[in-house]
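Every number here is computed from the coordinates shown, using simple stated rules; none is lab data. Given the structure is predicted, the values throughout are model-derived calculations rather than measurements. Please note: Cβ atoms are built from the backbone with ideal geometry, for glycine as well, and neighbour counts cover all protein chains shown.
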Amino acid sequence: MTQTADRAQSPPRIQTRRLGAFTLHALESGTQRLDGGAMFGVVPKPLWEKRIPADERNRIPLALRCLLVETPGELVLIETGLGNKENEKFRDIYGVDNASADPAHPDRLQQLIADAGFRPADVGVVVDTHLHFDHAGGNTFRDADGQVRVSFPNARYFVQRGEWEWAHRINERTSASYLPHNYEPVMQAGQLELIDGDVEIVPGVSVMRTPGHCPHHQSVLVRSGDETACFLADVIPTFAHLPLPWIMGYDVEPLVTLESKRTLLARAVDERWLLVSTHDPFTAWGYAVAEGKGVRLEEGRSA
């Protein structure tokens, strides 16, 4: 697939819908490209390439999607994308495209927050599902003087305590995913709060542990009225990964991922959750509907 074709099929950079009394903004903060074989693990290429075709370097396009949630009492940002701190070699290897069209903003996420009518200072809560560079890279930014600064100066950032500890026990298998300049400055600023287990962050926004990709990975539940949305993060990175055995080669505990997916999808079908995808390059959100022994996606339209 060419990059021109990728852009033609990409969703709008901001999609907005209501969820009860809340407003959800899916922010397409950029794209990256990762090896398709790594993204689909043991699934053969002739199967996965029908879902997301690869480029000449065997990389597939992936969104860097974040979710901005307007609640009656708080503006909540779920994930922060990749940020602006990495060098050109890094950006080429991972096929990163997340630059802002406006030099007043350090990256596209900050630009989209402004386009949605907000300032970084308006964000009161940031939830990191985990601390990998493509999910927490926008926690901080590099300013015009080359200094790394916290992106959301008035926000409380939340991550699992176990994930924070895991990020500080990196080894040859995990070190490429954890870049300290994405999270250490937040802790040094006194803005990072470590949580344990499934907890409510603010009314209507809670986290549920979905381990496997990393041992303390969490997804985020947003509830208002009788409606629930679930920001999946990397337990189900794209909607092509809905089949239970379609699990990334990047996952450090794939059999744990399998059980996390099984539990999450059963609840999503039974309780009709709106599923929000971090990385799906074509579709921001939809509903899992039972079909045969598995599930299919019913797209959830913006409103």
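Each helix, a run of at least 4 DSSP H residues, gives -39500 (n - 2.57); summed and divided by the residues of the chain, these come to -5000 deg cm²/dmol at 222 nm.
Here His135, His168 are placed in order of increasing Cβ neighbour count within 10 Å, fewest first, which gives His168, His135. Sorting 293-299, 177-183 by their mean Cβ neighbour count within 10 Å, with the most densely packed peptide first, gives 177-183, 293-299. With each label modelled as a point 7 angstrom along the Cα→C-beta vector, the Val202-Asp55 pair spans 3.6 nm. For the stretch 93-199, applying the loop criterion from DSSP together with a ceiling of 13 other beta carbons within 10 Å to the GluC sites (Glu not before Pro) yields Glu172. Oblate is the label for the stretch 166-215, because the ratio a/c of its alpha-carbon gyration tensor axes (a ≥ b ≥ c) is 1.5 or higher and a/b is not greater than b/c.
Highest mean first, what order results for 202-211, 14-23 on Cβ atoms within 10 Å? Spell out each step's value before the answer.
Numbers: 202-211: 19.7, 14-23: 16.6.
Order by mean packing, descending: 202-211, 14-23.
Taking each residue as 0.36 nm, the span from Ala101 to Ala38 lengthens on full extension beyond its C-alpha to C-alpha distance by 19.6 nm.
Cβ crowding within 10 Å ranks Met248, Met187 as Met187, Met248, fewest other Cβ atoms first.
Among Ser219, Ser175, the order by Cβ neighbours within 10 angstrom, fewest to most, reads Ser175, Ser219.
The calculated Kirkwood hydrodynamic radius for the stretch 148-233 is 14.2 Å, given to one decimal from all distinct C-alpha pairs. Size descriptors for the chain: radius of gyration and Dmax over Cα atoms are 17.7, 57 Å.
Using R0 = 35 Å, the C-beta based FRET efficiency linking Asn87 and Leu194 works out to 0.70. In the stretch 207-303, one over the average inverse separation of all distinct C-alpha pairs is 13.3 Å, which is the Kirkwood hydrodynamic radius.
Highest-first packing order for the peptide set 152-159, 44-51, 263-270 is 152-159, 263-270, 44-51, based on the mean count of other beta carbon atoms within 10 Å. Distance from a point 7 Å along Cα→Cβ of Glu271 to each backbone N in the stretch 227-249: keep the residues under 11 Å and list them by number. It comes to 227-230, nothing else.
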